[in-house]
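A.B. asks: I have a structure here, written as structure tokens, and I will follow up with some questions on it.
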Amino acid sequence: MAAIKYVNLYFKLISAGIRAQMQYRFAFIMRIIGLITAYTGTAVTMWVMLYQFQVLGSWTFFEMLFLYAIAILSWGFCVILFLHFRSLDTYILNGTFDRFLVRPINPFFHFMAMKFDMASFGQFIFSLIIFIWVSLELHIEWSSGKVLFLLASIIGGILIQGGMLVLISAIAFWTTKSQQFYWVVMYPARNLTNYPLVIYPKIVQWIAAFVVPFGFVNYFPAAVILEKGTPFFPVSIGYFSPLVGLVFFMIAYCVWMLGLSRYKSTGS
Amino acid sequence: MPKFHVYWIFTKKAFLRSAVYRFDVWSRLGSNLIFLLMWGSIWTALYAGREEAGGISFQAMLTYIVVSQFLTGVNGAGTPLWEIQEKVRTGDIALELMRPFNVPLRYLFADFGSVTFYIVTALLPIYAILFIFMDFTLPTDIITWVSFIAAAFIGFLIRYCIEMSFGLLSFFLVETGGIEDIFYFAMSLLSGSVIPLWFFPEWLAKIAAYLPFQGIYYIPNAIFIGEIAGGEILLSIGLQIFWLIICYFLLRLVWNRASHKVVVQGG
């Protein structure tokens, strides 16, 4: 029953946020245009890159687009649910984090439901267009099994990237810094995984598979759907994406709760 | 004529300020190196074992990317754009407008300070080690070195003028999101920072050739690896200076308009 209560509460909390954002309609539309432009920019860069060379480590332009679209789609959900975790340090420093502790609900949940960024529609529009375009170009046959697999991997991707954001924010409990770690660790890591992992040195591939499991966000699942080889890794590794996401997110959640238990207000 | 000793103080202060925020310097270097790894791997995979492509040797291409990533670090070490926009939004910029100095020039000189700190303490040591241990193309004659440094410096100024002009757009538009993204995309692709102009499709290379962005990365990088050599160096630097003058007047125009249009938003 508690779960249903929380789901209801989540929608109540975010609907207030959505109404607030819709007051600034011009800003909202500008941000969506901005996001789509930025993602299209990266796609155009990929196209220019492959104009002369045709393949990047056996991946063609459309295959790379597909890889990119998976990352963007799961990132879109991440932005809605978890992106604001990176600024936990600001809340702690300003003392505004304390308000999440004095309510009769789980502080992690409360902090998560605090914000709902509507601009992630930009991510959804972009990735859906790419999915359709690439499916037509590469003649991907979307059997129901494949669709289910794609959805499951996207949930896995959300949990992995969300878990990473939660871990980064947890650092703030110890060091009162988190935003910067996002820009040093996560932002470059996300950019790295926009390209097929196979091009990186072996050690980087291993890290992306077993330490910071970003490889499971898009590379391994995309390799399964496009039936591409993944050197150094078994082909079926992509199927583990949801499981990896679940485990990784649980670890992140526990670390966050551990950090919370030793949190002392800055008292400002 | 501006009094440069006044601005010089901003340079010194910014230098000292960077020394305090050392964590920022290290984190910025960390992410710069990850992007170097990314682009290095991408170009290695694109060449796929070939010695040369399109007349450019693999070694020269890798050098191009390393130099480009170094200059990206240099260009990114100044006052971030959002900080200036935040000042415009909160109205703090009004305080700067009251003071007897030229605001764009003041920020430029402050950038000299923070950039110098970043180069000396972080970028130069790491990239020097890279160049010692890896097999990159180093210019052998002093003229190439001098013209590379000159071109990189002019490129820095061009980038500053363009970026500042865009930052000041927030005087006119409260939300600059979309425009900014187009700008950053143009800057990263058309400047040749990650893909040299000679690998572009012909039509795109033509567009890039008529825009100022190539002066930021492409020209200094190409001089470094000797792709632009001899008399072409003078021609390229001349082109850079031409664009610098235009971008400078653009910045002045935007700044004059902006400082007369301080919108009071209350609050």
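A.B. asks: Please enumerate the residues belonging to the range A:81-91 that are over 12 Å from A:Q161 (Cβ atoms) and either within 14 Å of another protein chain (Cβ to nearest Cβ) or surrounded by fewer than 23 Cβ atoms within 10 Å (Cβ to Cβ) (or both). Please lay out each step first, then the result.
C.D. replies: First, the residues of the range A:81-91 that are over 12 Å from A:Q161 (Cβ atoms): A:84, A:87-91.
Matches in the range A:81-91: A:H84, A:S87, A:D89, A:T90, A:Y91.
A.B. asks: So A:K202 passes all but one of these: (1) surrounded by fewer than 21 Cβ atoms within 10 Å (Cβ to Cβ); (2) touching a residue at least 24 places away in the same chain (Cβ under 8 Å); (3) in contact with a helix residue (DSSP H, G or I) (Cβ under 8 Å, 6 or more places away or on another chain). Which condition number does it fail?
C.D. replies: (3)
A.B. asks: Ok, one more. Going by what's in this entry, would B:Y64 be described as without any contact (Cβ under 8 Å) to a residue 12 or more places away in the chain, within 14 Å of chain A (Cβ to nearest Cβ) and under 26 Å from A:W183 (Cα atoms)?
C.D. replies: Working: without any contact (Cβ under 8 Å) to a residue 12 or more places away in the chain: no; within 14 Å of chain A (Cβ to nearest Cβ): yes; under 26 Å from A:W183 (Cα atoms): yes.
Here the answer is no, as B:Y64 does not meet what is asked.
A.B. asks: What's the number of the only condition in (1) over 18 Å from the mean Cα position of the chain (by Cα); (2) over 22 Å from B:I42 (Cβ atoms); (3) at pLDDT 90 or above that B:S259 fails to meet?
C.D. replies: Here B:S259 clears every test but (3).
A.B. asks: Can you go through B:A77, B:A60 and tell me which one is surrounded by 13 or more Cβ atoms within 10 Å (Cβ to Cβ), out of contact with any helix residue (DSSP H, G or I) (no Cβ under 9 Å at 6 or more places or on another chain), under 20 Å from B:A152 (Cα atoms) and not aromatic (F, W, Y)? Don't jump to the end; show me each part of the working.
C.D. replies: Numbers: B:A77 fails: out of contact with any helix residue (DSSP H, G or I) (no Cβ under 9 Å at 6 or more places or on another chain).
Sole residue among the options that is surrounded by 13 or more Cβ atoms within 10 Å (Cβ to Cβ), out of contact with any helix residue (DSSP H, G or I) (no Cβ under 9 Å at 6 or more places or on another chain), under 20 Å from B:A152 (Cα atoms) and not aromatic (F, W, Y): B:A60.
A.B. asks: With the structure loaded, tell me whether A:A20 is of a type outside the set (S, T, Y) and at the interface with chain B (Cβ under 10 Å from one of its Cβ atoms) or whether it fails that test.
C.D. replies: Values: of a type outside the set (S, T, Y): yes; at the interface with chain B (Cβ under 10 Å from one of its Cβ atoms): no.
When the stated conditions are applied, A:A20 does not pass them.
A.B. asks: Additional query: With respect to A:W75, determine if the residue is in contact (Cβ under 8 Å) with a residue 12 or more places away in the chain, within 29 Å of A:S153 (Cβ to Cβ), within 13 Å of chain B (Cβ to nearest Cβ) and not charged (D, E, K, R).
C.D. replies: Numbers: in contact (Cβ under 8 Å) with a residue 12 or more places away in the chain: yes; within 29 Å of A:S153 (Cβ to Cβ): yes; within 13 Å of chain B (Cβ to nearest Cβ): no; not charged (D, E, K, R): yes.
Here the answer is no, as A:W75 does not meet what is asked.
A.B. asks: Quick check on the range A:205-214: of everything there that is of a type outside the set (V, I, T) and surrounded by fewer than 18 Cβ atoms within 10 Å (Cβ to Cβ), which residue is farthest from the other protein chains (Cβ to nearest Cβ)? First the steps, then the outcome.
C.D. replies: First, the residues of the range A:205-214 that are of a type outside the set (V, I, T): A:205-206, A:208-210, A:213-214.
Then keep just the ones that are surrounded by fewer than 18 Cβ atoms within 10 Å (Cβ to Cβ); that gives A:206, A:210.
Values: A:W206: 14, A:F210: 18 Å.
That would be A:F210.
A.B. asks: Sticking with this structure for a sec: Identify, from the list B:F224, B:F213, the residue that is under 22 Å from the mean Cα position of the chain (by Cα) and under 18 Å from B:W145 (Cβ atoms). Give the derivation first.
C.D. replies: Details: B:F213 fails: under 18 Å from B:W145 (Cβ atoms).
Being under 22 Å from the mean Cα position of the chain (by Cα) and under 18 Å from B:W145 (Cβ atoms) holds for just one of B:F224, B:F213, which is B:F224.
Table: residues versus (1) within 27 Å of A:K202 (Cβ to Cβ); (2) open to solvent by 20 Å² or more (accessible area, probe 1.4 Å); (3) among the acidic types (D, E).
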residue: B:F10; (1), (2), (3): no, yes, no
residue: B:L16; (1), (2), (3): no, yes, no
residue: B:R50; (1), (2), (3): yes, yes, no
residue: B:Q69; (1), (2), (3): yes, no, no
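A.B. asks: Go through the range A:102-111 and report how many residues are under 17 Å from A:Y253 (Cβ atoms) and open to solvent by 10 Å² or more (accessible area, probe 1.4 Å). Please lay out each step first, then the result.
C.D. replies: If we filter the range A:102-111 for residues that are under 17 Å from A:Y253 (Cβ atoms), which is where we start, we get A:105-111.
Retained after the next criterion (residues that are open to solvent by 10 Å² or more (accessible area, probe 1.4 Å)): A:105-110.
Count: 6.
A.B. asks: Output the residue which, of all residues in the range B:24-36 that are of a type in the set (A, V, I, L, M, F, W, C) and more than 7 Å from chain A (Cβ to nearest Cβ), is farthest from B:S114 (Cα to Cα). Show your work before the answer.
C.D. replies: Of the range B:24-36, the ones of a type in the set (A, V, I, L, M, F, W, C) are B:25-26, B:29, B:33-36.
Retained after the next criterion (residues that are more than 7 Å from chain A (Cβ to nearest Cβ)): B:25-26, B:29, B:33, B:36.
On the way: B:V25: 10, B:W26: 13, B:L29: 14, B:L33: 19, B:L36: 21 Å.
Looking at residues that are of a type in the set (A, V, I, L, M, F, W, C) and more than 7 Å from chain A (Cβ to nearest Cβ), I get B:L36.
A.B. asks: Tell me which of these A:I29 doesn't satisfy, since it passes every other one: (1) within 15 Å of A:D117 (Cβ to Cβ); (2) surrounded by 19 or more Cβ atoms within 10 Å (Cβ to Cβ); (3) more than 8 Å from chain B (Cβ to nearest Cβ).
C.D. replies: So A:I29 meets the others, but not (2).
A.B. asks: Does the range A:144-157 contain at least one residue that is touching a helix residue (DSSP H, G or I) at 6+ places or on another chain (Cβ under 9 Å) and within 14 Å of chain B (Cβ to nearest Cβ)? Walk me through it before giving the result.
C.D. replies: Within the range A:144-157, the first condition is being touching a helix residue (DSSP H, G or I) at 6+ places or on another chain (Cβ under 9 Å), and the residues that meet it are A:146, A:149-150, A:152-157.
Those still in the list that are within 14 Å of chain B (Cβ to nearest Cβ) too: none.
Looking for residues that are touching a helix residue (DSSP H, G or I) at 6+ places or on another chain (Cβ under 9 Å) and within 14 Å of chain B (Cβ to nearest Cβ), one finds none in the range A:144-157, hence no.
Matching residues to (1) within 26 Å of B:L81 (Cβ to Cβ); (2) of a type in the set (K, R); (3) surrounded by fewer than 23 Cβ atoms within 10 Å (Cβ to Cβ):
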residue: B:Y184; (1), (2), (3): yes, no, yes
residue: B:S191; (1), (2), (3): yes, no, no
residue: B:V194; (1), (2), (3): yes, no, yes
residue: B:F200; (1), (2), (3): no, no, yes
residue: B:Y217; (1), (2), (3): yes, no, no
residue: B:I223; (1), (2), (3): no, no, no
residue: B:G226; (1), (2), (3): no, no, yes
residue: B:L234; (1), (2), (3): no, no, yes
residue: B:L239; (1), (2), (3): yes, no, yes
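A.B. asks: Run A:L246 past the list (1) away from chain B (no Cβ under 14 Å); (2) closer than 23 Å to A:W59 by Cα and report the number of the one that doesn't hold.
C.D. replies: (2)
A.B. asks: Within the range A:176-192, count every residue that is open to solvent by 10 Å² or more (accessible area, probe 1.4 Å) and more than 10 Å from every other protein chain (Cβ to nearest Cβ). Can you show your working first?
C.D. replies: Pass one, the range A:176-192, residues open to solvent by 10 Å² or more (accessible area, probe 1.4 Å): A:176-177, A:179-181, A:183-185, A:187, A:189-192.
Remaining after also requiring more than 10 Å from every other protein chain (Cβ to nearest Cβ): A:176, A:179, A:190.
Qualifying residue count for the region: 3.
A.B. asks: Do you know which residues across the range A:14-23 are open to solvent by 60 Å² or more (accessible area, probe 1.4 Å) and part of a helix (DSSP H, G or I)?
C.D. replies: Residues of the range A:14-23 open to solvent by 60 Å² or more (accessible area, probe 1.4 Å): A:19, A:23.
Residue satisfying the conditions is A:R19 alone.
A.B. asks: Same structure, new question: Please enumerate the residues belonging to the range A:51-70 that are open to solvent by 10 Å² or more (accessible area, probe 1.4 Å), assigned to a helix (DSSP H, G or I) and among the hydrophobic types (A, V, I, L, M, F, W, C). Steps first, please.
C.D. replies: Going through the range A:51-70, the residues open to solvent by 10 Å² or more (accessible area, probe 1.4 Å) turn out to be A:51-55, A:57-58, A:60-63.
Narrowing the set further to residues that are assigned to a helix (DSSP H, G or I) leaves A:51-53, A:61-63.
Across the range A:51-70, the qualifying residues are A:F53, A:F61, A:F62.
A.B. asks: Would you call A:A2 under 25 Å from A:M112 (Cα atoms) and either at the interface with chain B (Cβ under 8 Å from one of its Cβ atoms) or buried (at least 17 other Cβ atoms within 10 Å of the Cβ) (or both)? Spell out the reasoning first.
C.D. replies: Numbers: under 25 Å from A:M112 (Cα atoms): yes; either at the interface with chain B (Cβ under 8 Å from one of its Cβ atoms) or buried (at least 17 other Cβ atoms within 10 Å of the Cβ) (or both): no.
So A:A2 fails the test.
A.B. asks: For the range B:207-245, give me each residue that is at positive phi and touching a residue at least 40 places away in the same chain (Cβ under 8 Å). Reasoning before the result, please.
C.D. replies: Initial filter on the range B:207-245 (at positive phi): B:226, B:230.
Of everything in the range B:207-245, just one residue is at positive phi and touching a residue at least 40 places away in the same chain (Cβ under 8 Å), namely B:G226.
A.B. asks: Oh, and also: Starting from residues that are open to solvent by 60 Å² or more (accessible area, probe 1.4 Å) and aliphatic (A, V, I, L, M), keep the ones in the range A:215-268 and report whichever is nearest to the chain's Cα centre (by Cα).
C.D. replies: This residue is A:L246.
The values are calculated or read from the model by the stated rules, or taken from the named source; none is laboratory data. No experiment lies behind these values; they were computed from the predicted model shown. FYI the Cβ positions are ideal-geometry reconstructions off the backbone, even for glycines, and counts take in every protein chain you see. For the accessible areas, the whole protein counts, side chains as well, though only heavy atoms, and no ligand, DNA or RNA atoms are used. Shrake-Rupley method; radii C 1.70, N 1.55, O 1.52, S 1.80 Å.
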